[in-house]
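First up is the structure itself, then whatever we jot down about it.
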Amino acid sequence: MVVNRRVRLLLSFLFICWLRSFAQTDDEKAIPKTTAPEKTVQERLGYPASARLLVIHADDLGMNHSVNRATFEALEKGWITSASILVPCPWFPEVARWAKQHPNADLGIHLALNSEWTTLRWGPVSPTDKVPSLLDAAEYLPLDTPAVVQNAKLSEVEAELRAQVDRARSAGVPPTHLDTHMSALFESAGLYQVYRKMGHIYSLPILQAKAGSHAPVETTPPAEEVLVQKVIEIAPGIDAQDWTSWYRKQLEPLGPGVYQMIVHLAYDDEEMRGTTYDHPDWGAAWRQHDLDMARSAEFRQFLKEQSFILVTWKELAKALQK
């Protein structure tokens, strides 16, 4: 009798536990689950969440000798931390030679679908008969982005962008990242998807931001793929005397996060003036102003006082969540 009573008590206890399991499940549905907060990009790289990381990046490397000279000097002296290459341009071989001599340089590919200067034009890396929708009437890449959006077939865009990356790698340049010349690859949802695909194909981060000039407008990328919070890039209308103060005003109020400052470097010399004679915006004087600002002791002291941590794309790539 004692044994049977114990068995009945055990069965009753198990039955009560089984009933409680259903009640607990209902309660759990009503209580929001707590999960560990997602680590910031800074934390994924080993910095505190309060850190402000900054990439100082030069576009258009390879465009001409003046751009190359200024950008090489800025990279070698640490005035900038990164640059990206216009592979279709005539001075790309000089970049490839320099890159072999400076294997630690942080160099990306400035994926190009435009050729914007009237006296310095370039065509695609691909054979022209393979990418006819990317050409203007003179068989160069078009002067501006609306023509790309209107005419470019996405299959040909992908073929050309692959050709640009492959040419750089074949020349001994190991790219650290990809970005987009004249922001052309943000101009439509289709172009943007090709841009993302390029990053996946080559296992490279792409420049895209949560805010600023490089934030996708027609789609929201996966949060884990966006490494930069905001891109800072000077626009037309700033007087030369206010150049450095403009950058300071953009950078000083930034909170914790990862930022990229894009500069366009060259010397205001005969070559650069000839290249950009009818285009003062982003022209010879403009690029000299950016160079003067980037190399100034005043600006470097400002970054130090503001506790910005200068980083490269090679470092940022480590924060990509696989």
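None of the figures in this text is laboratory data; all of them are computed from the coordinates on show. Everything numeric here is computed off the predicted structure, so don't read it as measured data. Counting neighbours? That spans all protein chains shown, and the Cβs are built from the backbone with ideal geometry, glycine included.
Show me the trypsin sites (Lys or Arg not before Pro) within segment 46-98 that DSSP assigns to loop and that have at most 15 other Cβ atoms within 10 Å of their Cβ. Answer by residue number: Lys77. Where both bridge residues fall in segment 41-319, DSSP classifies roughly 0% of the beta bridges as antiparallel.
The modelled label-to-label distance between Ile309 and Ala240, using points 7 Å beyond Cα along the C-beta direction, is 3.8 nm.
Among rounded, prolate and oblate, which fits segment 165-256 when a ≥ b ≥ c are the square roots of the eigenvalues of its C-alpha gyration tensor, a/c under 1.5 means rounded, and a/b larger than b/c means prolate? The partial results should precede the final answer.
Numbers: a/c = 2.01, a/b = 1.58, b/c = 1.28.
In terms of gyration-tensor shape, prolate.
The fraction of Cα-Cα pairs per 5 angstrom bin, counted from 0 for segment 232-272, comes to 5, 17, 25, 23, 15, 8, 4, 2, 1 percent, rounded to whole percents.
This ranking places Ile232, Ile309 by how few other beta-carbon atoms lie within 10 Å of each, fewest first, which gives Ile309, Ile232.
Given N residues in segment 171-322, what is Rg(Cα) / (2.2 N^0.38 Å)? Please list the in-between numbers first.
On the way: Rg = 16.8 Å, N = 152, 2.2 N^0.38 = 14.8 Å.
Here the answer is 1.13, to two decimals.
The C-alpha atoms of the chain define a longest principal axis, and helix 189-202 lies at about 80 degrees to it. Here segment 261-322 and segment 223-255 have alpha carbon centers that stand 11 Å from each other.
So if a site counts as exposed when it's one of the GluC sites (Glu not before Pro), its DSSP state isn't H, G, I, E or B, and it has at most 16 other Cβ atoms within 10 Å, what's the longest stretch of the chain without one? If you can, show how the numbers build up before the last one.
Working: sites that count: Glu38, Glu139, Glu218.
With a cap of 16 other Cβ atoms within 10 Å, the longest stretch comes to 219-322.
For the chain, adding -39500 (n - 2.57) for each run of n ≥ 4 DSSP H residues and dividing by the number of residues yields -12500 deg cm²/dmol at 222 nm.
Restriction of the chymotrypsin sites (Phe, Trp or Tyr not before Pro) in segment 190-285 to DSSP coil positions whose beta-carbon has at most 15 other beta-carbons within 10 angstrom yields Tyr277. Which of Lys39/Lys210; Lys210/Lys304; Lys39/Lys77; Lys130/Lys314 have a Cα-Cα distance over 28 Å? In this structure, Lys39/Lys77; Lys130/Lys314 exceed 28 Å between Cα atoms. The calculated P(r) of the chain, using every Cα pair and 10 Å bins from 0, goes 5, 24, 30, 19, 6, 4, 4, 4, 2, 1, 0 in percent.
If I take every Cα pair under 8 Å that is 6 or more residues apart in the chain, average their sequence separation and divide by the length, what percent do I get for the relative contact order? Averaging sequence separation for qualifying contacts and normalising by length gives 23 percent for the chain.
Rounded to the nearest 10 degrees, the angle from helix 154-170 to the longest Cα principal axis of the chain is 80 degrees.
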